[in-house]
1. At 222 nm, what value in deg cm²/dmol follows for the chain if DSSP H runs of at least 4 each add -39500 (n - 2.57) and the sum is divided by all its residues, to the nearest 500?
2. Is the stretch 18-73 rounded, prolate or oblate when judged by the Cα gyration tensor, a ≥ b ≥ c being the square roots of its eigenvalues, rounded requiring a/c under 1.5 and prolate requiring a/b larger than b/c?
3. Pairs of Cα atoms under 8 Å, at least six residues apart: use those to get the relative contact order of the chain, whole percent.
4. Over the stretch 29-159, what is the relative contact order in percent, taking alpha-carbon pairs closer than 8 angstrom and at least six residues apart?
5. Take every DSSP beta bridge with both residues inside the chain and express the antiparallel ones as a percent of the total, to the nearest 5.
6. Just to confirm the number: angle between the C-alpha axis of helix 117-130 and the first principal axis of the chain, 0 to 90 degrees, nearest 10?
7. On a 0 to 90° scale, report how tilted helix 102-112 is relative to the longest principal axis of the chain, with both axes built from alpha carbons and the result rounded to the nearest 10.
8. Take the chain, compute every pairwise Cα distance, and split them into 10 Å bins from 0; I just need the percent in each bin.
């Protein structure tokens, strides 16, 4: 049985008298431990697909089963429980709390889950060590490079022990070398048994996945398995990380000077049509 199973999923957003068909009878099955890249232009439906898989939105029709359980008709409280127990999220803009340490950022999902403080601390520390940041537990986002901030975001996604990581353009704000480092980490997580679904516009990034799904106009137009490009060897020939300066802070690995979004660490369900 597939870990993720979508059967003729459609999503229609209504804006006044207008209907936007973001997904049209999409069927997709993803097995445990797969590393899947989802590609498509803006408005193709790929972000809507990820929102539905991530239990951030409900389909208008069709059936979505996650680990054999139909989740497409669950209420908000039940969906939140599924998200906290089964899914981890990684975003392009990191979504770290700017005035909070790496350790506290990673602990946040456990706070919402009601995990006792001592256990939260131990699990967050272990997650940061897993992504190579065991020496930066007390660092704030403005004291870390873009790649390190994204590693904190990945640790936050891992701390609840999810079976699935959903990553929406996780390399979009990173330079080429740092992007390869993040893809190497995703490959390591896949080898450890975690299912990874990645949204990207970049064919070079999709090359590191074992399967590429392409969407257009709300349909899956291509679904192909491939031999994934190993990321670790590419680091040997990758150019040095880009360095940018924001105010009094020097950031390595980011392609913009805007820094991370600090509004919050939890995903918000969309109110309108998604890309």
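Throughout, read-outs are computed from the coordinates displayed, never taken from laboratory work. Since the model is a prediction, treat every value here as computed from it, not as a measurement.
1. Values: 8 runs with 81 residues, N = 275.
Using -39500 (n - 2.57) per qualifying helix, the result is -8500 deg cm²/dmol.
2. Values: a/c = 2.19, a/b = 1.21, b/c = 1.81.
The shape class here is oblate.
3. Details: 612 pairs, mean separation 76.4, N = 275.
This gives 28 percent for the chain.
4. Details: 128 pairs, mean separation 30.8, N = 131.
This gives 24 percent for the stretch 29-159.
5. Values: 27 of 45 bridges.
About 60 percent, rounded to the nearest 5.
6. Taking the Cα atoms of the chain, the angle to 117-130 is about 90 degrees.
7. Tilt relative to the chain: about 40 degrees.
8. 7, 30, 36, 22, 5, 0
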